[in-house]
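A short reminder: the numbers here are calculations on the coordinates, not readings from a lab. Since the structure is predicted, the reported quantities are computational estimates derived from the model, not experimental observations. Positions of Cβ are backbone-derived with ideal geometry, glycine not excepted, and every protein chain shown enters the neighbour counts.
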Amino acid sequence: PIKGLESNSPLGLINLFEDPRGDLWLFSAYYGLLNFNRHTGQYRVIQLNCFRMAPGEILWIFYVFFDKEENIWIGTSNRGLFLYNARTKSCEHFNLDPKKPVDWNERTFNTVFTLMQDTEYENTLWLATYNGIYRIDKKLKQMIRKFISANNNDSTFSDHWLGSMDQFNDTTIWFGTY
């Protein structure tokens, strides 16, 4: 059992990865971010203390990206982007619209489906959202919306749902929609 979790409760595992130290990071629909230290055999629930949710509210995690600086970038439904540094145990939160308050909860304009490291520019991450493509400068922590649908009036809601990205050996980034 995981300390602090009910033994019979579902984990709702969304994603997991192994960091360079061999620890496992698990992303649960019901418990958020979990860390399993393979050397000690201990789990711990990571509190994203940069953000306060209402009691009983679930942070739906869509995608995670672990960079070489040991930053965990977390794309969520309705709540934007989170940055957790595993070394310093610090957390930051970014809404897709920086003018909105921290507790902004908006599906269409604040959901991050997937993230991708730019293959050419080390400090650039690309975010795919319901509301277009965003570029984030990891060092400056600045986010810019780069692309949107050509004509929103002629597009259906699903035209804006960018669910996948990939970049090959050149600078071309391919996007997949649902």
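Which of the peptides 84-93, 130-139, 108-117 is most tightly packed, and how do the rest follow, going by the mean number of other Cβ atoms within 10 Å of each residue?
Details: 84-93: 14.9, 130-139: 17.0, 108-117: 19.7.
The packing order, highest mean first, is 108-117, 130-139, 84-93.
Work out the FRET efficiency for PHE175 and ASP137 from their Cβ-Cβ distance, taking R0 = 25 Å, and round it to the nearest 0.05.
Details: r = 20 Å, r/R0 = 0.80.
Once the sixth-power term is evaluated, E becomes 0.80.
When ranked by the protection proxy of mean other Cβ atoms within 10 Å per residue, highest first, what sequence do the peptides 163-175, 15-27 form? Spell out each step's value before the answer.
Values: 163-175: 11.8, 15-27: 14.2.
Result, highest mean first: 15-27, 163-175.
SER90 versus GLU70, label points 7 Å from Cα toward the beta carbon: distance in nm?
Each label point lies 7 Å from its Cα, and together they span 1.3 nm.
Write down Rg/Rh for segment 46-128, rounded to two decimals, with Rg from the C-alpha atoms and Rh from the Kirkwood relation over Cα pairs. Show your work: numbers first, answer last.
Working: Rg = 12.6 Å, Rh = 13.2 Å.
Ratio of gyration radius to Kirkwood radius: 0.96.
What FRET efficiency would be calculated for the residue pair ASP19, ALA54, taking the C-beta separation as r and a Förster radius of 30 Å, to the nearest 0.05?
Values: r = 31 Å, r/R0 = 1.02.
That pair, ASP19 with ALA54, gives E of 0.45.
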